[in-house]
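Accompanying notes for the structure given below.
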Amino acid sequence: MATKRDLIAAELRRQISTGELARGARVPQSQLASKFSTSITPVREALGLLEAEGVLVAEPHHGVRVATANLAQVKTVYLMRQLAEPYAMQRAVWNMSRRDLQEATELFEDMEQSENAGDKPAFNEANRKFHFAFYDRCGDDGLRTEIAMLWQRYPWDLLQVIEHRAPDSHEEHRRILDAARAGNLQLVAGATRDHLKHGYLALAARLSDEPQLDPFPVNDD
């Protein structure tokens, strides 16, 4: 059963990923305690957890704030995601049943509907569920947990406001799903790598005035 600390941490992650709590914004500790009908202690425990993850930063005399997105940190998370997620996708596809693939298809359709409706929070949730429909079935709980932690550190709030990413992201998700349906492990890994790469490059362009290259080149020879 989730503790108050875990529930508060999950709520903060949600608010940050959707942009409800903006980068640099102060975290309203008393409001969180009131919302969850608890003392300030579980709130501070949740803040400590997110500080350790790099999502929040504590500033002397200024309380706790949402961490700003740093290109170097984003690059590190991206590199770790490139190492973990394509492999997890291959393991998942090997394990998935037709019913599992149908669930992934329905989640892809949910993403499409929420995108067409302009409902970014719903799209973010469907996007996460789509990817973790695979990662949850990778056959290794530790690997799945590590990927979830990397996702928590990624600045989804910034990625969702890059308008030109939407159609490209949609097509990338489609390629991942098509490769999974075909049971082609090489293609699903490649499609996942491409999806991660294009998302990172879009973020890097937003966070830097200088042109950025993919720091995770893959030699297909």
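Key figures for this structure:
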| item | result |
| --- | --- |
| Single condition residue 85 does not satisfy, out of (1) surrounded by fewer than 20 Cβ atoms within 10 Å (Cβ to Cβ); (2) touching a Leu at 6+ places or on another chain (Cβ under 8 Å); (3) at pLDDT 90 or above; (4) not hydroxyl-bearing (Ser, Thr, Tyr) | (1) |
| All positions within the stretch 109-134 that are in contact (Cβ under 8 Å) with a residue 24 or more places away in the chain and surrounded by fewer than 20 Cβ atoms within 10 Å (Cβ to Cβ) | 112, 115, 120, 121 |
| Residue in the stretch 154-164 that is of a type outside the set (S, T, N, Q), in contact (Cβ under 8 Å) with a residue 40 or more places away in the chain, crowded, with 19+ Cβ neighbours inside 10 Å and assigned to a loop (DSSP other than H, G, I, E, B) present | yes |
| Those residues of the stretch 139-153 which are over 17 Å from the mean Cα position of the chain (by Cα) and open to solvent by less than 30 Å² (accessible area, probe 1.4 Å), in sequence order | none |
| Members of the stretch 20-37 found to be on the phi > 0 side of the Ramachandran plot and either without any contact (Cβ under 8 Å) to a residue 12 or more places away in the chain or touching a Leu at 6+ places or on another chain (Cβ under 8 Å) (or both), listed by number | 37 |
| Hits in the stretch 166-184 (condition: in a helix (DSSP H, G or I), surrounded by fewer than 18 Cβ atoms within 10 Å (Cβ to Cβ) and touching a residue at least 24 places away in the same chain (Cβ under 8 Å)) | 166, 168, 170, 174, 181 |
| Qualifying residue in the stretch 90-104 (condition: touching a Gly at 6+ places or on another chain (Cβ under 6 Å), closer than 21 Å to residue 183 by Cβ and touching a residue at least 40 places away in the same chain (Cβ under 8 Å)) | yes |
| Flag if residue 91 is farther than 22 Å from residue 201 by Cα, surrounded by fewer than 17 Cβ atoms within 10 Å (Cβ to Cβ) and at pLDDT 90 or above | no |
| Those residues of the stretch 99-157 which are over 20 Å from residue 87 (Cα atoms) and basic (Lys, Arg), in sequence order | 99, 120 |
| Residues located in the stretch 1-19, provided they are in contact (Cβ under 8 Å) with a residue 12 or more places away in the chain, in contact with a Leu (Cβ under 8 Å, 6 or more places away or on another chain) and open to solvent by less than 30 Å² (accessible area, probe 1.4 Å) | 8, 9, 11, 12 |
| Scope the stretch 59-73; condition touching a helix residue (DSSP H, G or I) at 6+ places or on another chain (Cβ under 6 Å) and either more than 20 Å from residue 207 (Cα to Cα) or surrounded by 20 or more Cβ atoms within 10 Å (Cβ to Cβ) (or both); matching residues | 64, 66 |
| Selected residue (criterion: nearest to residue 169 (Cα to Cα)) from residues of the stretch 80-120 that are of a type in the set (Lys, Arg) and more than 18 Å from the chain's Cα centre (by Cα) | 91 |
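The values are calculated or read from the model by the stated rules, or taken from the named source; none is laboratory data. Keep in mind that what you see is a predicted model, and the values were worked out from it rather than measured. No Cβ is skipped: glycine too gets one built from the backbone with ideal geometry, and neighbour counts run over all protein chains shown. Ligands, DNA and RNA are stripped out before the accessible areas are found, and what is left, the full protein with its side chains, is counted by its heavy atoms. Shrake-Rupley method; radii C 1.70, N 1.55, O 1.52, S 1.80 Å.
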